[in-house]
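Reading through the structure tokens given below for one structure.
The values are calculated or read from the model by the stated rules, or taken from the named source; none is laboratory data. Predicted, not measured: the structure shown is a model, and the values here were computed from it. Using ideal geometry, Cβ is built from the backbone for each residue, glycine included, and neighbour counts are taken over all protein chains shown. Accessible surface is based on the protein model in full, side chains and every heavy atom, while ligands, DNA and RNA are left aside. Shrake-Rupley method; radii C 1.70, N 1.55, O 1.52, S 1.80 Å.
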Amino acid sequence: MTRQLVRPLQRTWILWALLALLLLLPFLGEPYYVKLATRMVVFGLAALSLDLLVGYMGLISFGHAAFMGVGAYTVGILASNGVDVAWVAWPLAMLAGAVLALCIGAVSLRCNGLYFIFITLAFSQMVFYGAQSLRQYGGDDGFSLEAPSVFFPGVDASDHTVLFYVATFLLLAVLYVCKRLVASPFGRVAVGVRDNEPRLEAVGVQPYPYKLAMFVVSGAIAALAGALMANLTGFVSPGYVSWLVSGELLIMVILGSFGTLVGPILGAALFVLFEYVLSDWTEHWMLVFGPLLVLRVLLLKDGIYGLFLKPGQASAASPAASAHVAPAANGEPS
């Protein structure tokens, strides 16, 4: 008994140790690695936002990059018009992402399964071509960020160390808020929608408003990630809205373990790290990464995050765990 209780605690401390090492990275004095770590954090934030849909609502969105792109374009366009204060530009970027998510979700959430996937992809492509049509902002070529976001006088996002710590703080803050959200009555209804939507309707709960609310929250968080990415790269282009980015976000969620919140962050960090290492060997690094993803599916049932769990222990929010627990709780055969 004691041994079983100690092992998860020790593995949890590994996560804290990794976070501590990440926070100490800027003191190594290597700007490139600071930018690499910031990229991990930004994509971790985007993957976390997608996990709210995939892991807790059972909605596989293939157009999540649209919200990142809107966040990046909002910051870039505001900077071009002299609005570079982060406390103004970033909330407006999140608002733009939330409004876009509200419009897309109002239509796409009336469908399920493959229809939902294709509709989100279609809307994402509409945003992509809309970004290409902005000739005053570079069109297909994109445009450079006129000025980095300013936090305080003399402190802005052009300092990669400052941006790294700001992005890490925002990631931890959003993670805390999302954990509170999914543990709330709203979150429990969301999991109910994922597990058995007809049964939820049978007891008088309408799933659509809950799905739409979660979709809007997810879009706002993804837009914040886009605002951070624009400041990290100093550039904004339609490439942020590409379906390839949406696919990469899905891979990050699957790699880390969906329905866990922390898992997609780990998946994003590992994906960016693999991209950095493998791209030095070959430009076709995805050919090497693909089999690794297949091995994850075959050998790691709970993803990378499962390595930090007690053997046989699945996440309480995991769809795999719910699939086994829910039927037994209702007297149905498993």
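Note on segment 85-102: residues that are more than 10 Å from F215 (Cα to Cα) and surrounded by fewer than 20 Cβ atoms within 10 Å (Cβ to Cβ) total 7.
Among the residues making up segment 160-173, a single one is surrounded by fewer than 16 Cβ atoms within 10 Å (Cβ to Cβ) and more than 19 Å from the chain's Cα centre (by Cα): T161. Evaluated against (1) more than 17 Å from the chain's Cα centre (by Cα); (2) open to solvent by 50 Å² or more (accessible area, probe 1.4 Å), P148 falls short on exactly one condition, (2).
Residue check: is R3 farther than 24 Å from I254 by Cα, open to solvent by 70 Å² or more (accessible area, probe 1.4 Å), at pLDDT 75 or above and among the basic types (K, R)?
On the way: farther than 24 Å from I254 by Cα: yes; open to solvent by 70 Å² or more (accessible area, probe 1.4 Å): yes; at pLDDT 75 or above: no; among the basic types (K, R): yes.
No, not satisfied.
Of the set (1) open to solvent by 70 Å² or more (accessible area, probe 1.4 Å); (2) within 26 Å of V262 (Cα to Cα); (3) touching a strand residue (DSSP E or B) at 6+ places or on another chain (Cβ under 7 Å), all apply to Y176 but (3). Annotation note: Cβ proximity below 6 Å between a residue of segment 50-69 that is more than 23 Å from L95 (Cβ to Cβ) and a residue that is open to solvent by 10 Å² or more (accessible area, probe 1.4 Å) and assigned to a loop (DSSP other than H, G, I, E, B) (sequence gap 6+ or interchain) occurs for V54/I60; V54/F258; G55/F258.
From the list G154, G234, the lone residue that is on the phi > 0 side of the Ramachandran plot and either in contact (Cβ under 8 Å) with a residue 24 or more places away in the chain or buried (at least 19 other Cβ atoms within 10 Å of the Cβ) (or both) is G234.
Output the residues belonging to segment 201-221 that are open to solvent by less than 20 Å² (accessible area, probe 1.4 Å), touching a residue at least 60 places away in the same chain (Cβ under 8 Å) and closer than 17 Å to A106 by Cβ. Across segment 201-221, the qualifying residues are K211, M214, F215, S218, G219, A220. Remark: pairs (first residue in segment 243-254, under 11 Å from L48 (Cα atoms); second residue polar (S, T, N, Q); Cβ separation under 9 Å; 6+ apart in sequence or on different chains) = L249/S49; L249/S61; L250/S61. Counting only helices (runs of 4 or more DSSP H) wholly contained in segment 225-314, the ones carrying 2 or more residues that are closer than 30 Å to Q136 by Cα, aliphatic (A, V, I, L, M) and at pLDDT 90 or above occupy 243-256. Here Y276 does not fit the description of being under 25 Å from D156 (Cα atoms), touching a residue at least 60 places away in the same chain (Cβ under 8 Å) and open to solvent by 20 Å² or more (accessible area, probe 1.4 Å). Being crowded, with 23+ Cβ neighbours inside 10 Å and of a type in the set (F, W, Y) is a condition met by at least one residue of segment 55-63. Out of the residues in segment 109-125 that are of a type in the set (A, V, I, L, M) and free of Cβ contacts under 8 Å to residues at least 60 places away in the same chain, which is surrounded by the fewest Cβ atoms within 10 Å (Cβ to Cβ)? Ranking the candidates gives L114 first.
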